[in-house]
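The block underneath contains the structure these notes are about, expressed in structure tokens.
Values quoted throughout were computed directly from the atomic coordinates according to the rules given, and no laboratory measurement underlies them. Just so it is clear, the structure is predicted and the values come from calculations on it, not from any experiment. Neighbour counts are summed over all protein chains in view; Cβ atoms, including those assigned to glycine, are modelled from backbone coordinates with ideal geometry.
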Amino acid sequence: MGEEILMDIKKDYVLSKLRDGERIDGRKLDEIRSIEIETNIISKAEGSALVKLGDTQVLVGIKMQPGEPFPDVPDRGVIITNAELVPLASPTFEAGPPDETSIELARVVDRGIRESEAVDLTKLCVEEGEKVWMIFIDIHALDDDGNLVDASALAAISALLNTTVPAERFELGDDFPLPVRNLPVAITSLVVGDKFLVDPTRDEMSVGQRLITITSDKDDNIVAMQKSGSYLLSEQKFYELIDVSVEKAREVRELLKDI
Amino acid sequence: MKGDEFEVDKPEEEKLRKDEIQLIIDGKRLDGRDFNELRPIKIEAGVLKRADGSCYLEMGRNKVVAAVYGPREVHPRHLQEPSKAVIRYRYNMAPFSVEERKRPGPDRRSVEISKVSREAYEPVIMKELFPRSGIDIFVEVLQADAGTRTACLNAATVALVDAGIPMRGLITSVAVAKVDGVLVLDPMKEEDNYGEADVPFAFVIRNGKIESIALVQMDGKMTVEEMKKALEMAKEGAMKIYNLQREAIMKKYEAIEIEEE
């Protein structure tokens, strides 16, 4: 109950600030929190990245192993994305099987990587119809201060960028870097009344789960989209959100070029 | 947490994008439709006896049935909300509804579809009129041929009206796909499988006008301009479906009047 009252107070604060066109942390409405990306921090993993988006922290690890391809695409590697919202990351997370939030998180991140064809899966075929490389993208939330989706998507692509295919370990030739050829970036916004806040914090989310994630690729194509939360979105907002998200994604993508 | 975490998101999403599959021939789609043409739709309200409201709907080769129960007591009790009704939406596919038998029960895809569909209805259903109660929406896909989530939403709307649940508007849903570089309305299986993008929309329609977007998802690749055009296309298609939903509801009530005389 205490938590709920606190959220109500925060909500009033967020809304009153917003009436003056301001955010509680002083950011511009379309300003993303500071981003830090650290790669290769888990040596046991084939690739890894820790992303700090403000106080939100997500660790993504990539593991790879040979496996069977899908029958309809016998010559392509397989991507499997999973998200675990461990109780360490937030007082509201509980241990147990993945709930709809973590499933949605994993699927939205997965869609961006898959649909932008970020990984060249045709180069991950060992033996057509028999053996291909499987990429396991595991998203591990460490601290949820809002907008886990964007932090996870950024950590996922950063981790893929420094992934080495462990061919030697499986006696399948020499190790080689994972062929990554696109840079999908997810941008999530919180829709509040006639405004929207890019990259919302947890306190800002006290106004309600009214989110939309728009993922775009290096050529400014939209590759994934998800409206999430119980609210209605006007067409006008939808158009604005697309334009802003693509533009913001371009900014964030610059950071990936240094990896 | 066993098994499920390694469950593979099925190849349904694994688009082939094979160049040899031509989806647009001489300006027509494989099933002869124009780009902005819907598949044939059949809607019937009140098809189930036990449910408070129900609807059978066909959209092309999709066959779905929706049932609404409630407002009724919520079980388990701790899910009750003191000031409003709890909405639950369960999207489920019959094992025989697809080419290769689907393992029964919820997979990750159905969990996600159920979530976004529920979220589309939550702001539309007048929940505050039914504190401590629950409104359950169950949709079953009997035969799937792309666009099942849109077909289910369309059926659920009619079932909700049939159950007499007060709503601020009607939800109508349709998808737009990009195939062979052009946008097409209401994609069927082939277009969904081999197309370049798929964007399901759901709208709130009130007093015969589209008021807002209740659901939008997207996967594939589209330019910003195409996305904007896709929305316009979806809106036109949705208005046509909306009229069919209304007809189905009217027909049900006409039938009731005759019985009473």
Aspartates and glutamates whose Cα lies under 17 Å from that of B:Lys49, excluding same-chain neighbours fewer than 8 positions away: B:Asp136, B:Glu140, B:Asp162, B:Glu259
Counting only C-alpha contacts under 8 Å and six or more residues apart, can you give the relative contact order of chain A as a whole percent? 21 percent
Provide A:Ile62, B:Ile210, B:Ile241 in ascending order of the number of other Cβ atoms located within 10 Å of each residue's Cβ, fewest first. B:Ile210, A:Ile62, B:Ile241
Just the projected area, averaged over all directions, of the convex hull on the alpha carbon atoms of the protein assembly as shown: how many nm²? 24.9 nm²
Helix-derived [θ] at 222 nm for chain A: sum -39500 (n - 2.57) over DSSP H runs of at least 4, divide by residue count, nearest 500? -9000 deg cm²/dmol
State which entries of A:Lys63/B:Lys178; A:Lys11/A:Lys218; B:Lys209/B:Lys229; A:Lys52/A:Lys131; A:Lys248/B:Lys189 exceed 28 angstrom in Cα-Cα distance in the structure shown. A:Lys63/B:Lys178; A:Lys11/A:Lys218; A:Lys52/A:Lys131; A:Lys248/B:Lys189
Expressed in angstrom and ordered largest first, the alpha-carbon extents of chain A along the principal axes are 61, 37, 33
Over region A:1-153, how many percent of alpha carbon pairs lie in each 10 Å bin up to the one with the longest distance? 10, 29, 32, 18, 8, 4, 0
With Rh as the Kirkwood radius over Cα pairs, chain B has Rg/Rh of 0.98
